[in-house]
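Structure, as structure tokens:
What follows draws every value from the coordinates through simple rules; no lab data is involved. This structure is a prediction, so every number in the text was calculated from the model and none was measured. Neighbour counts are summed over all protein chains in view; Cβ atoms, including those assigned to glycine, are modelled from backbone coordinates with ideal geometry.
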Amino acid sequence: PLSNAIAISPILGFLIAGALLGPHGLDVFANSKADVELGDFGILFLLFSEGLEVSSSRLRRLADFLPLGLAQISLCAGALSAGIVLVAPALERFLPLDAGLIDISSPVEALVLALAGTLSTSAFVFPVLKEREWEEEPSGQAATSILLLQDLAVAPLLVLMPF
């Protein structure tokens, strides 16, 4: 009900509530391992609900924009990786980073971080496309195609993250 009152999807409302109540927000819950697992389920539900909204005919139309999505991910990941590797030594003077968490001077870890940075959240963009009735316009279809490709890229990225 609250998410309807502020005109956002219920899943997005749950994600915002989890971020506010979680360990990096108000820290209402003490079991951080359970929080992470519940957060993973929230992301899975979000991706599942988005998948329900896309018909097979619409998916075929969106495939025309696949090269655009691949170019966006590739170019952004390359630029961000280069920026992270080149700026990392200067950045660590002002912002000490835990090398056990991530070593941004490593090109592989910089690439994984950059890939995470190339992804946008379709939970915020899809409602705006619907609200402004841009879904069927070419720019809206291109945006939807890129967002769906980014959503599909989340799974391989989550597999790469532990390494």
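Test of understanding: what is the full-extension gain from LEU70 to ASP27, defined as 0.36 nm times their sequence separation minus their Cα-Cα distance?
Extending this stretch completely gives an extra 11.7 nm.
Given a Förster distance of 45 Å, report the FRET efficiency between SER105 and GLU136 from their Cβ-Cβ distance, rounded to the nearest 0.05.
That gives a FRET efficiency of 0.45.
Between rounded, prolate and oblate, where does segment 53-97 land on the alpha carbon gyration tensor, with a ≥ b ≥ c its root eigenvalues, rounded for a/c under 1.5, else prolate if a/b exceeds b/c?
Numbers: a/c = 9.19, a/b = 3.19, b/c = 2.88.
Prolate, because a/c is 1.5 or more and a/b exceeds b/c.
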